[in-house]
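Asker: The structure's right below; bear with me while I get my questions together.
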Amino acid sequence: VASGQWLPDVRIRAGGADALGDAPGAPARLVGLDEIVASTPDVVVICCCGRSARGAAAEVEEHLLVVDAFRALPAARRGNVFVVPHETFSRPGPRVVDAVETVAALLRPDDLPRTLVAKAVAGVLRLVVDGDASWRWEPVDGATERDAAAAETVSESPSERGAVATERGEARGAPVER
């Protein structure tokens with residue numbers, strides 16, 4: 001089932017585009033694997049109603065990973081197939097904000113504060129396709145490319161390292177890039 005109702009709006013607000021062309025407020029609809037493959041998605045986020053991320057991963061293994069065309073999707077080849085726990089996405093209401101944050105953190109983690117990314121991707125699993133017939137699921141840990149680059153940079157001067165943020169969010173020292 002392709003998502004409808006509030007979920008297309010979640011994607012838009014998170015900075016994504018709907019590869020299937022569904023608009024906010026549209027009803028949910030059945031969609032075949034051929035339509036998904038034809039849309040060549042860069043990112044696929046799967047939420048199975050009533051399932052944890054592990055439960056959704058089991059569904060993906062049983063129904064999608066047995067199909068060569070699914071494993072060949074750009075999203076699968078690049079490690080951009082994710083399964084998310086249903087409770088964040090399955091019902092409209094205040095948790096819609098959490099859904100927007102989760103999708104935004106999956107689409108563009110380097111554009112968001114690290115703490116938000118870590119919170120937003122908690123419980124999310126990423127599909128890693130190893131070759132033609134092997135795959136595994138890994139937790140999305142919230143680390144970003146910016147974090148990896150910062151870990152490799154050693155600086156002698158505190159001003160070159162940037163500011164230190166206090167628990168109240170105040171910055172001391174050089175400006176912090178977020």
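The values are calculated or read from the model by the stated rules, or taken from the named source; none is laboratory data. Fair warning: this is a prediction, and the values are worked out from it, not measured in the lab. Glycine gets a Cβ as well: all are built from the backbone with ideal geometry, and neighbour counts include every protein chain shown. Areas reflect the complete protein model, heavy atoms only, side chains present, ligands, DNA and RNA absent. Shrake-Rupley method; radii C 1.70, N 1.55, O 1.52, S 1.80 Å.
Asker: Could you check what % of the DSSP bridge pairs in region 1-149 are antiparallel, to the nearest 5?
Answerer: Just about 75 percent of them are antiparallel.
Asker: Also, quick follow-up: Using unit Cβ charges (K, R positive; D, E negative) and no other charged atoms, how large, in debye to the nearest 20, is the dipole of region 1-93 about its Cα centre?
Answerer: 260 debye
Asker: Which stretch or stretches of region 63-99 have amide N atoms under 15 Å from the point lying 7 Å from VAL37's Cα along the Cα→Cβ direction?
Answerer: The answer is 63-77.
Asker: Quick check: net charge around CYS47, other residues with Cβ under 14 Å of its Cβ, Lys/Arg +1 and Asp/Glu -1?
Answerer: +2
Asker: To the nearest 0.05, what FRET efficiency results for LEU116 and LEU30 with a Förster distance of 25 Å applied to their C-beta separation?
Answerer: 0.15
Asker: Provide the solvent-accessible area of ILE12, counting protein heavy atoms only and rolling a 1.4 Å probe, rounded to the nearest 10 Å².
Answerer: In the full protein context, ILE12 sits at about 90 Å².
Asker: Run the quick spin-label model on SER90 and ASP130: label points 7 Å from Cα toward the beta carbon, then report their separation in nm to one decimal.
Answerer: Output for this residue pair reads 3.2 nm.
Asker: Continuing with the same structure: Over region 73-124, with the other protein chains present, what is the accessible area per residue in square angstrom, probe 1.4 angstrom?
Answerer: 46 Å²
Asker: Could you compute the FRET efficiency for TRP6 and ARG108, with r as their C-beta to C-beta distance and R0 at 25 Å, rounded to 0.05?
Answerer: Taking R0 as 25 Å, the efficiency between TRP6 and ARG108 is 0.75.
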